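Here the structure comes first, spelled out in structure tokens, and everything after it is commentary.
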Amino acid sequence: MKIEKRGEFIHFDKKAYDVLKHYLLYQVNSIKNIFILVDDITYTYCLPILFQNINFLKKSNIIKIKSGEKEKNIYTCIQICKNLEKLQADRKSLIINLGGGVITDIGGFVASIFKRGIRFVNIPTTLLGMVDAAVGYKTGVNLDSIKNEIGSFYVPEFLIIDTHFLKTLSKKEILSGMAEMLKHGLIADKSFWKKMNQIQIDIIKNENEWKYLIHKSILIKQKIVNQDPKERGLRKILNFGHTIGHALESYFMNVNKILHGISVIIGMIYESWISFKINGLSISDYQEIKSYLSALYPIENKISNLEINKLLLIMEHDKKNEENKIQFSLLQEIGKCSYNCQVPYSLIKESFLN
Ligand SMILES: NC(=O)c1ccc[n+]([C@@H]2O[C@H](COP(=O)([O-])OP(=O)(O)OC[C@H]3O[C@@H](n4cnc5c(N)ncnc54)[C@H](O)[C@@H]3O)[C@@H](O)[C@H]2O)c1
Ligand SMILES: [Zn+2]
């Protein structure tokens, strides 16, 4: 895998389609069959936009799955592989993932295993997909309620960013993506955090500012990932907010669905408190983070003791654990993060009660 050398090629808006068109038509005349993976929502809202921009893609094979995290499992992948087989996909075929993080995770994973690997392009259509899920070569699916338990590292041909897709997203979905952008500021770039704090949430009214921030956010993530693609060390800082966040997301997946980014916002609040307690984060930085994040997404109900114990059980299965110890990435200050931090259970519990 050439991850270390290549990095992803990101292209924006109109120019992105020109680059993709050129690539599909001329650069790789070896591409035989194009498959576009969508869910039922991106089929309706996003596929027509893709067709408007690249007309000849209307002739491609469309593979449509149901939308939602529940579909992100190995059985869906098997169905997609069967479809690819039936439609005579071969090693010269290409998959275009047109959707949010669920689609790019599933489609990237299928591309990495079908016939031992075929090419793929990511066209993320959610904010979270653009700034996070489609960036950084991780693909994968859930195993029952364990998030992203099966997966691979696999590099797309291109990452195409078209902010037009964001216009049909709900405010909650925008918030979910914002969470990861804010995280990028908190772990690596204080001035980016400050800029994010000032942006108005309405993307349509503030399109240019948002474009700039989306681009910057992708660059922050790429810079971290390219130094440590396989997450042996530094890349772990991207997990800030995610040890608790993933546990919340897994726990609530079957009860009362909670969006990935929303669970990360809550996770970042609790993990900032832990950072303040044991990792040198100053009280003023902690308060700044808490007041901004909790205004963005107020936590309505305190988590009960019973739930806290269940969440701890989930954290014990976190892939990031080493030697059976739950691992955290914790802030030292806004813009600086440490990884491989072990936190006593009592403190994790306390963080929920704060
Ligand atoms: N691989 C990674 O590094 C990585 C990183 C972060 C998150 N993820 C994964 O990403 C997933 C979450 O991503 P998500 O929030 O994009 O979820 P999603 O793909 O389920 O999209 C959210 C919802 O928005 C709909 N949608 C997509 N584009 C739309 C558009 N333009 N207009 C209207 N509706 C649209 C989808 O159909 C879906 O119902 C999780 O499974 C998470 O584990 C992966
Ligand atoms: Zn995340």
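The values are calculated or read from the model by the stated rules, or taken from the named source; none is laboratory data. As the structure is a computational prediction, the values presented were derived from the model and not from experiment. In this analysis, Cβ positions are derived from the backbone assuming ideal geometry, glycine residues included, and neighbour counts consider all displayed protein chains. Just so you know, the surface numbers come from the protein's heavy atoms only, side chains and all, with ligands and any DNA or RNA stripped out. Shrake-Rupley method; radii C 1.70, N 1.55, O 1.52, S 1.80 Å.
Among the criteria (1) among the acidic types (D, E); (2) buried (at least 18 other Cβ atoms within 10 Å of the Cβ); (3) free of Cβ contacts under 8 Å to residues at least 40 places away in the same chain, the one D40 does not fulfil is (2). Of all residues in segment 212-220, none satisfies being in a helix (DSSP H, G or I), free of Cβ contacts under 8 Å to residues at least 24 places away in the same chain, farther than 18 Å from K194 by Cα and in the same structural domain as K194 (by TED's automatic domain parsing).
In segment 266-296, what residues are among the β-branched types (V, I, T) and touching a Lys or Arg at 6+ places or on another chain (Cβ under 9 Å)?
Kept after step one, since they are among the β-branched types (V, I, T), are these residues of segment 266-296: 266, 269, 274, 278, 283, 289.
Listed by number, the list holds a single entry, I269.
If the condition is being hydrophobic (A, V, I, L, M, F, W, C), open to solvent by 20 Å² or more (accessible area, probe 1.4 Å), farther than 20 Å from G117 by Cβ and in contact (Cβ under 8 Å) with a residue 60 or more places away in the chain, then segment 142-190 contributes L143, I146, A188.
Residues that are modelled with pLDDT under 90 and either outside the structural domain of V343 (by TED's automatic domain parsing) or open to solvent by 50 Å² or more (accessible area, probe 1.4 Å) (or both): which helices (runs of 4 or more DSSP H) entirely in segment 236-331 hold 3 or more of them? It would help to see each step written out before you state the result.
Numbers: elements: 242-253, 260-278, 283-296, 305-316.
By residue number, 305-316.
Here T139 meets each of (1) touching a Ser or Thr at 6+ places or on another chain (Cβ under 6 Å); (2) within 29 Å of N239 (Cβ to Cβ); (3) open to solvent by 10 Å² or more (accessible area, probe 1.4 Å); (4) in contact (Cβ under 8 Å) with a residue 40 or more places away in the chain with one exception, condition (4).
It is to be established whether one or more residues within segment 298-314 are under 30 Å from K195 (Cβ atoms) and within 21 Å of the chain's Cα centre (by Cα). Let's see the steps before the verdict.
As a first pass, look at segment 298-314 and keep what is under 30 Å from K195 (Cβ atoms): 298-300.
The next check asks that each one be within 21 Å of the chain's Cα centre (by Cα); those that pass are none.
The answer is no, given that none of the residues of segment 298-314 is under 30 Å from K195 (Cβ atoms) and within 21 Å of the chain's Cα centre (by Cα).
Every condition in (1) at pLDDT below 95; (2) in a helix (DSSP H, G or I); (3) under 14 Å from V131 (Cβ atoms) is met by K172 except one, and the failing one is (3). Considering only residues of segment 202-218 that are over 16 Å from D132 (Cβ atoms) and away from ligand 1 (no atom under 16 Å from the Cβ), which is least open to solvent (accessible area, probe 1.4 Å)? Only one residue tops the list, namely N206. Residues that are part of a strand (DSSP E or B) and more than 10 Å from ligand 1 (Cβ to nearest atom) within segment 135-152 comprise L143, I146, E149, I150, S152, listed in sequence order.
Looking at segment 224-235, can you tell me whether even one residue there is within 13 Å of ligand 2 (Cβ to nearest atom), part of a helix (DSSP H, G or I) and closer than 18 Å to I326 by Cα? Within segment 224-235 (the criterion being within 13 Å of ligand 2 (Cβ to nearest atom), part of a helix (DSSP H, G or I) and closer than 18 Å to I326 by Cα), the answer is yes, since at least one residue qualifies. Applying the set (1) open to solvent by 30 Å² or more (accessible area, probe 1.4 Å); (2) on the phi > 0 side of the Ramachandran plot to G335 leaves exactly one unmet item: (1).
Would you call E157 assigned to a loop (DSSP other than H, G, I, E, B) and either more than 7 Å from ligand 1 (Cβ to nearest atom) or in the same structural domain as K66 (by TED's automatic domain parsing) (or both)? Quick ask: steps written out before the conclusion?
Values: assigned to a loop (DSSP other than H, G, I, E, B): yes; either more than 7 Å from ligand 1 (Cβ to nearest atom) or in the same structural domain as K66 (by TED's automatic domain parsing) (or both): yes.
Spelling it out, E157 is indeed assigned to a loop (DSSP other than H, G, I, E, B) and either more than 7 Å from ligand 1 (Cβ to nearest atom) or in the same structural domain as K66 (by TED's automatic domain parsing) (or both).
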